[in-house]
Amino acid sequence: MTTRKTFIRQSGLLMAGLTVKPDAFFKKTMPVGIQLYSLRNQIGKDLEAVVAKIAAAGYNDIETYGYNSSSDSFFGFSPKALKDLLKKHKLTSTSGHYAIDKFLLSDGSDDEVKKLIDVVKAAGQTYLTVSSFSHANTKTVADYAKVAKRFNAAGEICKKGGVQLGYHNHDSEFKMLDGASGYDVLLKETDGALLKMELDLFWAVRGGVDPVEMFKKYPGRFPLWHVKDMDKVNKTKNTEIGNGSIDFKSIFAAAKISGMKHFYMEQENFDIDPYESIARSSAYIKKTLLKA
């Protein structure tokens, strides 16, 4: 039986432990996520089978993609049905990838964002993460500044709707434009409370950026990461986490300064069985990166 005295003593020990090693507590409670796009070729007509294998591979959180507005579904599952499917396999979905190009690039209607907010909430997600946008007309700093203004507007709509707007990069954002990269412009011209960044570590490295230096330059702006490794020989390809050339140990050591709260393993191509591959990545993340 736990007495009040015992409870107080145990609570004191816990708080002492948190005071001494806050990062250790942070890492032990960190869910391991996966971007569903990794298994796009396996989904076919059986999303449930894929979800079950994701859970078996050691993941806790799925970042979605592939929402079809015409059918209001993810591969045949309504947002609510998807949430229930994930719950059945003891999984959650904190973030989803969505597109709002008309709103960002053509001063489109607020309804484009508002409709997706309903989807995000029905799926049990917190982040409406913009997966990309067309860069055909973002050639200058002024072009990116205009997009940043629209991101702020979308972020305000999301805030009012009870979700958080996020943005996922590729490598084109890191090209220099009149002394600044497009990504720098987005960070400087957006309100950090309205737009959270999901830094894709692979694409950042491909773009010539050191993720740790990026964290130091813009601390706290990156609550979401894509953890994606780079093949040691072919830099355009992915490989299992820990099997490539990206120094994830130093990146994870800087998690606190980045503001990271959730991360998603992603692999876009495989040289071995995809399910074996994602299981190896999950094991490496848990045994090496979250215990460093």
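Summary of computed values
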| item | result |
| --- | --- |
| Among (1) in contact with a His (Cβ under 9 Å, 6 or more places away or on another chain); (2) closer than 26 Å to SER93 by Cβ, the one test that GLY220 misses | (1) |
| Test: residue in the range 248-257 that is touching a strand residue (DSSP E or B) at 6+ places or on another chain (Cβ under 8 Å) and surrounded by fewer than 18 Cβ atoms within 10 Å (Cβ to Cβ) | no |
| Some residue of the range 260-282 being open to solvent by 10 Å² or more (accessible area, probe 1.4 Å), under 17 Å from TYR59 (Cβ atoms) and hydroxyl-bearing (Ser, Thr, Tyr) | yes |
| Search result, residues across the range 48-71 that are within 18 Å of GLN125 (Cβ to Cβ), open to solvent by 10 Å² or more (accessible area, probe 1.4 Å) and free of Cβ contacts under 8 Å to residues at least 60 places away in the same chain | ALA55, ASN60, GLY66, TYR67, ASN68, SER69 |
| LEU86, sole failed condition from (1) closer than 30 Å to VAL205 by Cβ; (2) assigned to a helix (DSSP H, G or I) | (1) |
| Close pairs (8 angstrom Cβ cut-off, 6 or more residues apart or separate chains): surrounded by 15 or more Cβ atoms within 10 Å (Cβ to Cβ) and modelled with pLDDT of 95 or more in the range 171-192, hydrophobic (A, V, I, L, M, F, W, C) and part of a loop (DSSP other than H, G, I, E, B) anywhere | PHE174/VAL209; TYR183/VAL209 |
| Qualifying residue in the range 136-153 (condition: within 30 Å of ALA55 (Cβ to Cβ), in contact with an Asp or Glu (Cβ under 8 Å, 6 or more places away or on another chain) and not small (Gly, Ala, Ser)) | no |
| Near pairs, Cβ below 6 angstrom, 6+ apart or cross-chain, from the range 264-290 (farther than 22 Å from SER93 by Cβ) to any residue that is of a type in the set (Lys, Arg) and open to solvent by 50 Å² or more (accessible area, probe 1.4 Å) | ASN269/LYS237 |
| Filtered residue count, the range 102-113, keeping only those that are modelled with pLDDT of 95 or more and over 16 Å from ASN152 (Cβ atoms) | 2 |
| Test result for ASP101, among the charged types (D, E, K, R), closer than 23 Å to ILE241 by Cβ and open to solvent by less than 70 Å² (accessible area, probe 1.4 Å) | no |
| Filter result (modelled with pLDDT under 95, open to solvent by 60 Å² or more (accessible area, probe 1.4 Å) and not hydroxyl-bearing (Ser, Thr, Tyr)) within the range 23-43 | ASP23, PHE25, PHE26, LYS28 |
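The values are calculated or read from the model by the stated rules, or taken from the named source; none is laboratory data. Quick caveat: nothing in here was measured; it's all calculated off a predicted structure. Quick reminder, even Gly has a Cβ in these numbers, built from the backbone with ideal geometry, and neighbours come from all protein chains shown. These area figures cover heavy atoms from the full protein model, side chains too; ligands, DNA and RNA do not enter into them. Shrake-Rupley method; radii C 1.70, N 1.55, O 1.52, S 1.80 Å.
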